[in-house]
Amino acid sequence: MLVQRVTDDVLEIIRKDKDIQNGDTHKVIELVDKKVLPHFNFSHMTALALGKEWRKASPQQQQQLTAEFKTLLVRTYANALTGYKNQKVVYKPTKMAPTDTDVLVRTEVQQPGSKPVQLDYSLEKLESGWKVYDVVVAGISLVTNYRDQFGQEVRNGGIDGLIASVAAKNKSLEANSKK
Amino acid sequence: MTDSFCASAVRGTQRLLVGALVFAFACSAALADGNPNDPYESFNRPMFAVNEVIDKYAAKPVAQAYDNVVPLPVKASVGNFFGNAGDLWVGVNSALQGKFGDAGIDLGRLLINSTVGIFGLFDVASELGLERHDEDFGQTMAVWGAGGGGYLFWPVLGPRNVRDTIGFAVGTYADPVSYVRPVSVRNSMAALRFVDIRASLLPSDKVVEEAALDKYAYIRDAYLQRRRNQIFDGRPPRLDD
């Protein structure tokens, strides 16, 4: 299964890389860029995060927002990975028929002394293969968790205001990480 | 500092919560605004700001020191110990929700871990395949059909809607730690548990800091999604997009 192959691959690299374990965000982002991103469908993710407003956005706005949101999500995901140390990922059986085009892959991250954390991926089958369109940690979708915040920005400044906010957030994170 | 802080938090919790609940409801009529998920937002945001300060200068530094100094096996045992102390209440709530099989497992865990696991310091039951469940009285009330009653943010306690606030208050009566005597030992244990919980959240701090456009809203929506997931035991029905 795709998720298992990619996860094992990435975790194997992290386990061997001391820089990443010490919180080198740039190095993880590089790794995620190469290994993980090709399997993500960011325009679907952005559409999910934005909700109804997505259809009202122009193709150009959709493209810009997707690009900015992708940068933000990658950093979040990379940060979560640098916290990876002694955990073990367990794959739960996935129920699916050969004809399914949408599937939920359930995994569990186990760590000593703590409750296991549920980590689920929603995937859809596109012409280019299976793509992840949602990542859910302990029941919290990293994507739909933006719904209200995005809605707030759109109410305040329209779609362009939202794009500007996410871009500004990315800029400030980039500036901080260079310090 | 955290010790006396926690001690007073434990002692005054129920009285304080009732008072604050009344206050929140009194405010709500006048302050209600836009978000249907957050009717008490104008009460919550200042509370959130207060909590940020407490966390920055007290809770988080202590948790970080604990995390850096204490070796992993000890931290694991601390987590296991408090997990075990909570398993009885987890079992009661499994039973109250009609999940008697789960309740049996919870009690089995308690028995095994309290004996073979040496007072709960080792989670032998999980090794044996008896999985830990995640139940509390807030979830029980939800399963019984009680509504959430609006989102609230409490300093120190963090996000809890009205239902979970009541669930928490009821849970403090069922907390074995609260019956430990002498009081000084009880307070130390409560403080240690608080630090252990806060330390377990440290890895998510950076994620929330960097991911959120609005940290308050990010935490609120994460809480709402997470509780919904817990109530449905990890398999919530899909919401419409």
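The values are calculated or read from the model by the stated rules, or taken from the named source; none is laboratory data. Everything quoted here is computed from the prediction, not taken from an experiment. In this analysis, Cβ positions are derived from the backbone assuming ideal geometry, glycine residues included, and neighbour counts consider all displayed protein chains. In case anyone asks, the SASA skips ligands and DNA or RNA and just uses the protein heavy atoms, side chains included. Shrake-Rupley method; radii C 1.70, N 1.55, O 1.52, S 1.80 Å.
Summary of values
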{"item": "Region A:154-179: number of residues that are in a helix (DSSP H, G or I) and either open to solvent by 50 Å² or more (accessible area, probe 1.4 Å) or of a type in the set (Lys, Arg) (or both)", "result": "12"}
{"item": "Residue satisfying all of: in region A:122-150; within 11 Å of chain B (Cβ to nearest Cβ), in contact (Cβ under 8 Å) with a residue 40 or more places away in the chain and open to solvent by 20 Å² or more (accessible area, probe 1.4 Å); nearest to the chain's Cα centre (by Cα) among these", "result": "A:Leu142"}
{"item": "Region B:126-140, residues that are open to solvent by 20 Å² or more (accessible area, probe 1.4 Å) and in a loop (DSSP other than H, G, I, E, B)", "result": "B:Leu128, B:Gly129, B:Leu130, B:Glu131, B:Arg132, B:His133, B:Asp134, B:Asp136"}
{"item": "Check on A:Val89, in contact with an Asp or Glu (Cβ under 8 Å, 6 or more places away or on another chain) and in a strand (DSSP E or B)", "result": "yes"}
{"item": "B:Ala103 being within 14 Å of another protein chain (Cβ to nearest Cβ), over 16 Å from the mean Cα position of the chain (by Cα) and assigned to a helix (DSSP H, G or I)", "result": "no"}
{"item": "When residues of region B:202-217 are limited to those that are under 15 Å from A:Gln87 (Cβ atoms) and more than 7 Å from chain A (Cβ to nearest Cβ), the one modelled with the highest pLDDT", "result": "B:Leu202"}
{"item": "Residue satisfying all of: in region B:195-214; open to solvent by 50 Å² or more (accessible area, probe 1.4 Å) and not polar (S, T, N, Q); nearest to B:Ser94 (Cα to Cα) among these", "result": "B:Ile197"}
{"item": "Residue in region A:100-119 that is modelled with pLDDT under 90, open to solvent by less than 60 Å² (accessible area, probe 1.4 Å) and at positive phi present", "result": "yes"}
{"item": "Number of the condition not met by B:Ala59 [criteria: (1) more than 23 Å from B:Leu121 (Cβ to Cβ); (2) open to solvent by 70 Å² or more (accessible area, probe 1.4 Å)]", "result": "(2)"}
{"item": "Residues of region A:40-54 that turn out to be open to solvent by 20 Å² or more (accessible area, probe 1.4 Å) and either within 11 Å of another protein chain (Cβ to nearest Cβ) or in contact with a Gly (Cβ under 7 Å, 6 or more places away or on another chain) (or both), as a count", "result": "4"}
{"item": "Top-ranked residue of region B:218-238 - restricted to ones that are among the basic types (Lys, Arg) and assigned to a helix (DSSP H, G or I), ranked as nearest to the other protein chains (Cβ to nearest Cβ)", "result": "B:Arg226"}
{"item": "Residue satisfying condition, being more than 30 Å from A:Lys70 (Cα to Cα), among the hydrophobic types (A, V, I, L, M, F, W, C), open to solvent by 40 Å² or more (accessible area, probe 1.4 Å) and without any contact (Cβ under 8 Å) to a residue 60 or more places away in the chain, within set B:Val185, B:Val180, B:Val156, B:Val143", "result": "B:Val185"}
{"item": "Residues that are in contact with a helix residue (DSSP H, G or I) (Cβ under 6 Å, 6 or more places away or on another chain), surrounded by fewer than 17 Cβ atoms within 10 Å (Cβ to Cβ) and at pLDDT below 80, drawn from region A:15-39", "result": "A:Asp19, A:Gly23"}
{"item": "Whichever residue in region B:62-92 is open to solvent by 30 Å² or more (accessible area, probe 1.4 Å) and among the polar types (S, T, N, Q) and, among such residues, is nearest to B:Gly145 (Cα to Cα)", "result": "B:Gln64"}
{"item": "Check on B:Ala95, open to solvent by less than 60 Å² (accessible area, probe 1.4 Å), over 16 Å from B:Leu192 (Cβ atoms), more than 14 Å from chain A (Cβ to nearest Cβ) and not aromatic (Phe, Trp, Tyr)", "result": "yes"}
{"item": "Only listed residue being open to solvent by less than 30 Å² (accessible area, probe 1.4 Å), closer than 25 Å to B:Lys75 by Cα, part of a helix (DSSP H, G or I) and in contact (Cβ under 8 Å) with a residue 60 or more places away in the chain, chosen from A:Leu81, A:Leu73", "result": "A:Leu81"}
